[in-house]
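First up is the structure itself, then whatever we jot down about it.
The values are calculated or read from the model by the stated rules, or taken from the named source; none is laboratory data. Quick caveat: nothing in here was measured; it's all calculated off a predicted structure. Cβ atoms come from the backbone with ideal geometry, glycine included; neighbour counts cover every protein chain shown. Protein only, heavy atoms only, side chains kept; ligands, DNA and RNA dropped before computing areas. Shrake-Rupley method; radii C 1.70, N 1.55, O 1.52, S 1.80 Å.
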Amino acid sequence: MPPTTAGPVALVTGASSGIGEAVAERIAAEGGWRLLLGGRDEERLAAVAGRTGGTPLTADLGDRAGVERLAARALEREGRVDALVASAGLGWAGPFVTMPGDAVDRLLAVNLSGVVHLVRLLLPAMAERGAGRIVMIGSMAGRVGVANEAVYSATKGGLLAFAESLRYELAGTRVRVTVVLPGAVDTPFFDRRGAPYHRDHPRPVPAERVADAVWRSLAHGVDDVFVPGWLGMPARIHGAVPGFFRAMAKRFG
């Protein structure tokens, strides 16, 4: 049976490390929330749960069955989910022509279709209640594209289109959909994708800075949020004069 403790329920995926871990700690620091923590690394997830008071729910979002199990366990545990923070994600770096098919499938599953299916399972109850928060961790790469990260960029771009479409459908409700778009973030992400971060600028920001943006999104229901905020300028330049942006990107990397 779900517990009767008052307070909204937040489900954070990817909570065993990186941005998801920082988000869990940020929400816990605010108090008043019941935390459900999804992640693949059972040991690390248990450690995060111990620090935050959250409930660990080990899950692999790389296949639909894993997503469905996570949603079912979350609802079984708490009876509802008021806020979803979709932080789980993978990267792969290298020329697209050398990318293995299995890597393509894995990125599409974890970064895009897994998020879509989790929202599909949790959004109907939010819409019925007329209130809720969905926060997806996107990337500046999904807004402007990045060489040697074609599929990663495509998955994050897909989240932007998905979120924008949902906003039209949810107009008139108090369900808010946010995409947080960081640039480089100082997490184990780059080690796991198989290639270190090599650019001199911009420098990676701490995961805690992204977590702060997520918290503001939960509290105020904003739309797209760039981290750091100045990244909004190149995004606008890309939208206004894409040819000029591409020329500068090719020249300066």
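All conditions but one from (1) surrounded by 14 or more Cβ atoms within 10 Å (Cβ to Cβ); (2) not in a loop (DSSP other than H, G, I, E, B) apply to A29; the one that does not is (1). Is it fair to say G53 is open to solvent by 60 Å² or more (accessible area, probe 1.4 Å) and at positive phi? So G53 fits the description; yes. Of all residues in segment 116-158, those satisfying the criterion of being of a type in the set (A, V, I, L, M), without any contact (Cβ under 8 Å) to a residue 60 or more places away in the chain and assigned to a helix (DSSP H, G or I) are V116, V119, L121, L123, A125, M126, A127, A141, A150, V151, A154.
For segment 38-65, filtering for residues that are in contact with an Asp or Glu (Cβ under 6 Å, 6 or more places away or on another chain) and modelled with pLDDT under 95 leaves 1. Would you mind finding the one in L57, L45 that is assigned to a strand (DSSP E or B) and within 14 Å of A88 (Cα to Cα)? One residue alone meets the criteria, L57.
Applying the condition of being within 20 Å of V85 (Cβ to Cβ) and not hydrophobic (A, V, I, L, M, F, W, C) to segment 219-235 and asking which residue is most open to solvent (accessible area, probe 1.4 Å) yields H220.
For the structure I just gave you, tell me whether A141 is among the small types (G, A, S) and open to solvent by 20 Å² or more (accessible area, probe 1.4 Å).
no
Would it be correct to say that G94 is in a strand (DSSP E or B), on the phi > 0 side of the Ramachandran plot and open to solvent by less than 20 Å² (accessible area, probe 1.4 Å)? Taking the combined requirement at face value, the residue does not satisfy it. Taking segment 97-110 as the range and being open to solvent by 70 Å² or more (accessible area, probe 1.4 Å) and among the β-branched types (V, I, T) as the test, the residues that pass are V97, T98. Can you tell me which residues in segment 174-196 are of a type in the set (S, T, N, Q) and modelled with pLDDT under 95? T187 - this is the single residue of segment 174-196 that is of a type in the set (S, T, N, Q) and modelled with pLDDT under 95.
Residues of segment 148-170 that are over 21 Å from W230 (Cα atoms) and either modelled with pLDDT under 95 or of a type in the set (S, T, N, Q) (or both): N148, E149, T155, S165. Looking only at residues of segment 60-78 that are open to solvent by less than 50 Å² (accessible area, probe 1.4 Å) and small (G, A, S), we find that the one that is nearest to the chain's Cα centre (by Cα) is G62.
Here is a yes/no grid of residues against (1) in contact with a Pro (Cβ under 9 Å, 6 or more places away or on another chain); (2) farther than 23 Å from L108 by Cβ:
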| residue | (1), (2) |
| --- | --- |
| A22 | yes, yes |
| E25 | no, yes |
| G31 | no, yes |
| G53 | no, yes |
| L61 | no, no |
| G66 | no, no |
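When residues in segment 136-177 are screened for being among the aromatic types (F, W, Y) and under 13 Å from V119 (Cβ atoms), 1 of them pass.
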